[in-house]
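Below is one structure, written out as structure tokens; comments come after it.
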Amino acid sequence: MKRIVILVSGRGSNAQAIVQRCAAEGWPAQVVAIIGNRPGAAAFEFAAQQGITTALVDHTRHPSREAFDVELARVIDGFAPDLVVLAGFMRILTDGFVAHYAGRLLNIHPSLLPAFAGLHTHRRAIEAGCKLAGATVHFVTPTLDHGPIVAQAAVPVLPDDTPEALFDRVLAVEHAIYPLAVRWFVMGQLVVQGGVVRHTGGESQLLMG
């Protein structure tokens, strides 16, 4: 049984999607903890409803990013995770933290990486005249919003799109693709070769929304 720890900063809608799919599909895995860095994060309420252990590691109570990451890793490691999932966790992680969880740290980013790393992805995609936008699940590396791509989901950018409308459309496919990628990991169906992730069973790693 694989042990999953999810990191959140807010409502944790992707965390909810993962927890619900794990239960509904009977994965050989369990979300053993949801950890947040902001007091009162809505994801904590969801976790309590599901009987999932929560922990708060408040970044404002630590003098540096390094000190926060050391404490965060200590708390995470107390749950002995096989996989750590970033689900709207709004912190830039230090190289040491990333190295500690290398190969077992996943993130989802609301763009078709490597395009539009960083913030304001939907506005930037619209301003660039993109015809497709989407989301990317990837293994985390020290370079922000980079790392071997596990799966991507694409949605059309409509002529009259606003960043808010595009956000909603991308979020819907995030809720589909992130649980899928996590399931592949816990089932041992992912292999990384030369920085490229392949599904061992040949399943499509692209979802068209």
| said: Under the rule of at least 5 residues apart or a separate chain, name every residue whose amide H is placed under 5 Å from the amide H of Gly134. | reply: Leu112, Val155
| said: Compute, for the chain, the length of the dipole vector about the Cα centre, with Cβ point charges of +1 (Lys, Arg) and -1 (Asp, Glu) only. Units Debye, rounded to 20. | reply: 240 debye
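Sort the following peptides by mean Cβ neighbour count (other Cβ atoms within 10 Å, averaged over residues), highest first: 200-209, 139-148, 30-39. Display every interim value, and only then the final one.
Working: 200-209: 12.3, 139-148: 17.8, 30-39: 20.5.
With the highest mean Cβ count within 10 Å placed first, the list reads 30-39, 139-148, 200-209.
Where the eigenvalues come from the Cα gyration tensor of the stretch 119-209, what are the semi-axes √(5λ) of the equivalent ellipsoid, largest first, in whole Å? Don't skip to the answer; put the middle values down first.
Details: eigenvalues 136, 41, 22 Å².
In descending order, the three semi-axes are 26, 14, 11 Å.
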| remark: Of the candidates Ala125, Ala176, Val157, the farthest towards the positive dipole end of the chain (Lys/Arg Cβ +1, Asp/Glu Cβ -1, centred on the Cα centre) is Ala176
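For the stretch 71-133, count the residues as N, evaluate 2.2 N^0.38 Å, and divide the Cα radius of gyration by that value, please. Don't jump to the answer; show the numbers that get you there.
Details: Rg = 15.0 Å, N = 63, 2.2 N^0.38 = 10.6 Å.
Computed over Cα atoms of the stretch 71-133, the ratio equals 1.41.
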| request: Take every Cα pair under 8 Å in the chain that's 6+ residues apart, average their separations, divide by the length, and report that relative contact order as a whole percent. | output: 19 percent
| field | Karplus (6.51, -1.76, 1.60) ³J(HN,Hα), θ = phi - 60°, over the stretch 43-57, in Hz, Gly and Pro reported as x | value | 4, 5, 5, 4, 4, 4, 5, 8, x, 9, 4, 10, 8, 10, 10
| ³J(HN,Hα) across the stretch 117-130 via Karplus (A = 6.51, B = -1.76, C = 1.60, θ = phi - 60°), whole Hz, x for Gly/Pro? | 5, x, 9, 6, 5, 6, 4, 5, 5, 5, 5, 7, x, 5
| request: In vacuum, with every alpha carbon of the stretch 1-101 counted as one equal point scatterer, what does the Debye formula give for log10 I(q)/I(0) at q = 0.23, 0.24 Å⁻¹? Two decimals, please. | output: -1.27, -1.36
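Coordinate-derived values only; no laboratory data. Note that the coordinates shown come from a computational prediction; the quantities given were computed from them, not determined experimentally. Positions of Cβ are generated from backbone atoms using ideal geometry, with glycine treated the same way; all protein chains shown enter the neighbour counts.
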